[in-house]
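Engineer: This structure is in C-alpha cells; I'll ask about it shortly.
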Amino acid sequence: MKRNGTKESRFTLWWAQWLNRRLPPAARVTLAHKSIFILPTGFGLFWIFLVLILFVFGTNYQNNLVIGLSILLLSLFNTCIIYSYRNLAGLTLNACASPQAYAGETLVFPVKLTSSQPQFEVLVNYPDNQIKVIKTIGEEPTVTLVPFDNLIRGRVSPGRLKIESRYPLGLCRAWSHVNLDNPHIVFAKPLVSHSQLKSIDADNQNITGDRGMHIPGVDEFKGLKQHIPGESLRQVAWKQLAQGRGMLSKEFQQPQGEPHWLIIEDLSSPDLEKQLSELTWAIDKMSGRGQVFGLVISRKKIPPAEGDVHRIHCLQELALLPQFVGGDS
C-alpha cells in the first residue's frame with residue numbers, strides 16, 4: 001500500500017511538472033490544440049464497442065446494411081471528436097480580482113471567458129470543488145464565479161482550473177487544466193474579543209471607546225456638505241459654487257485623543273492564531289467606526305491611519321505572518 005502511495009505521489013509530481021512546461025501559469029490563457037486533451041467518455045467507449053459488434057455481425061452474415069450502419073456510427077463518433085475540440089478551441093480565460101475573504105469562507109475566483117465562436121455547455125471547477133456550468137460563451141465577455149473551499153489564512157493559490165466539455169453528444173470528453181496565476185490573500189478568521197487588545201500607551205482602553213475617532217474640527221478636510229444658512233461664509237466652497245454645484249460648505253475634522261495601537265509581540269506563541277483572529281475582528285470593528293489606529297507586529301510598525309486601504313493593509317500583514325508550528329524550537 002505504501003509503495004502504491006509513493007508511485008501516486010511521483011506520478012502527481014511528474015504530471016504537475018509536465019503541465020507547467022506545457023501550460024505555464026498566466027493571467028490570460030487562450031485554449032488551442034496544445035492545451036486541449038480529448039478522450040472518449042464511458043458512453044463513447046460503449047459506442048465504439050457497439051460499432052465493432054455491428055461490423056463483425058455484418059461481415060459474418062454478409063449484411064451490407066449492418067456494415068453500413070456501423071460505418072455511419074463510426075463517422076458520427078469521429079465528427080464528435082472534432083466538435084468536442086472546437087467547443088473549447090479559441091476559448092480565452094482571464095483572471096479577475098477576487099473579493100476579500102476570511103479563512104473558513106468559500107473563496108470566489110472571478111474568471112472572464114470570451115470566444116470568437118459560440119461554445120456550449122462548458123464546465124469549470126477547481127479540484128474537489130463545486131462545478132460551474134456555463135450554458136453559452138460568445139464574443140460578449142461572460143464572468144463566472146468559480147468557488148474554492150478554503151480553511152487557512154495567508155496567500156492561497158487555487159491551483160489549476162479544469163475546463164471541460166462533452167458537447168455535443170457526450171461521446172468525447174475534451175478538457176484542459178490552466179493555471180491563471182491568481183493567488184489571493186485570505187484574512188484570518190475574525191474572532192470577537194473585547195479584552196485581549198493592548199494599547200501602546202499606559203492608559204489601556206477598550207476599542208469600543210471613542211478614542212481615535214474623529215470629531216468636528218479644523219485639522220483635516222473631511223468633505224463637502226450642504227450649506228446651512230447661518231454658517232460662516234469662510235466655509236463656503238466658492239469653487240464648487242462657480243461650477244454650478246450649488247451652495248456647499250467645507251467640513252473639517254480632527255482625531256479625538258491619541259490613536260489606538262494594536263499590538264502583537266510574540267509570533268512564536270501557541271495562541272498566535274487566536275490573537276490574529278482577535279486583531280482581525282478589532283481592525284474591522286475600528287475601521288467600521290472610523291477610528292484611527294496603528295498596528296505593531298513584533299518590530300514592524302504600521303503608522304496610525306484610517307480608511308479601507310489602511311484596513312486591508314493591516315489585515316494582509318496579519319494574514320501573511322508565518323503559521324505557528326507546534327513544538328519546542
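The values are calculated or read from the model by the stated rules, or taken from the named source; none is laboratory data. All of these numbers come straight from a predicted model, not from anything done at the bench. Quick reminder, even Gly has a Cβ in these numbers, built from the backbone with ideal geometry, and neighbours come from all protein chains shown. Accessible surface areas use protein heavy atoms only, side chains included; no ligands, DNA or RNA. Shrake-Rupley method; radii C 1.70, N 1.55, O 1.52, S 1.80 Å.
Engineer: Consider the candidate values [x] 25.4; [y] 21.4; [z] 24.6; state which one is Kirkwood radius over Cα pairs in Å computed from the structure displayed.
Structural biologist: Step by step, Kirkwood radius over Cα pairs in Å for this structure corresponds to label [x].
Engineer: Further question on the same structure: As an exercise, identify the GluC sites (Glu not before Pro) in segment 246-313 lying in DSSP coil whose Cβ has no more than 16 other Cβ atoms within 10 Å.
Structural biologist: Listed in order of number, the matching sites are 265.
Engineer: Something else now. What's the magnitude of the charge dipole for the chain around its Cα centre, counting Lys and Arg as +1 and Asp and Glu as -1 at the beta-carbon? Answer in Debye, nearest 20.
Structural biologist: It works out to roughly 1220 debye.
Engineer: Still on this structure, please answer the following. Ignoring the sites themselves, what is the longest stretch of the chain with no trypsin sites (Lys or Arg not before Pro) in a DSSP loop and at most 11 other beta-carbon atoms within 10 Å?
Structural biologist: Excluding the exposed sites themselves, the longest stretch runs over 35-244.
Engineer: Let me ask something else. Given the options 246, 294, 170, which has the most mean-square fluctuation in a GNM of the chain, springs set between C-alpha atoms less than 10 angstrom apart?
Structural biologist: Highest fluctuation of the listed residues: 246.
Engineer: Can I ask one more? Could you compute the FRET efficiency for residue 155 and residue 32, with r as their C-beta to C-beta distance and R0 at 41 Å, rounded to 0.05? Please list the in-between numbers first.
Structural biologist: Values: r = 30 Å, r/R0 = 0.73.
E between residue 155 and residue 32, to the nearest 0.05, is 0.85.
Engineer: In the calculated pair distance distribution of segment 1-100, what percentage of Cα-Cα distances lie above 24 Å?
Structural biologist: Value for segment 1-100 (Cα pairs over 24 Å): 55 percent.
Engineer: Would you calculate the separation in nanometres between label points at residue 76 and residue 14, each defined as 7 Å from the Cα along the Cα-to-beta-carbon direction?
Structural biologist: Placing both labels 7 Å along Cα→Cβ, they lie 3.9 nm apart.
Engineer: Let me ask you something else. Report the GluC sites (Glu not before Pro) located in segment 113-164 that are in a DSSP loop and have at most 15 other Cβ atoms inside 10 Å of their Cβ, or state none.
Structural biologist: Those satisfying the criteria are 139.
Engineer: Just going by the charge dipole of the chain, with Lys and Arg at +1 and Asp and Glu at -1 on Cβ, which of 287, 64, 108 is farthest out on the positive end?
Structural biologist: Looking along the dipole axis, the top candidate is 64.
Engineer: Related question: Could you report segment 43-125's accessible area per residue, 1.4 Å probe, as an integer in Å²?
Structural biologist: I get 54 Å² per residue for segment 43-125.
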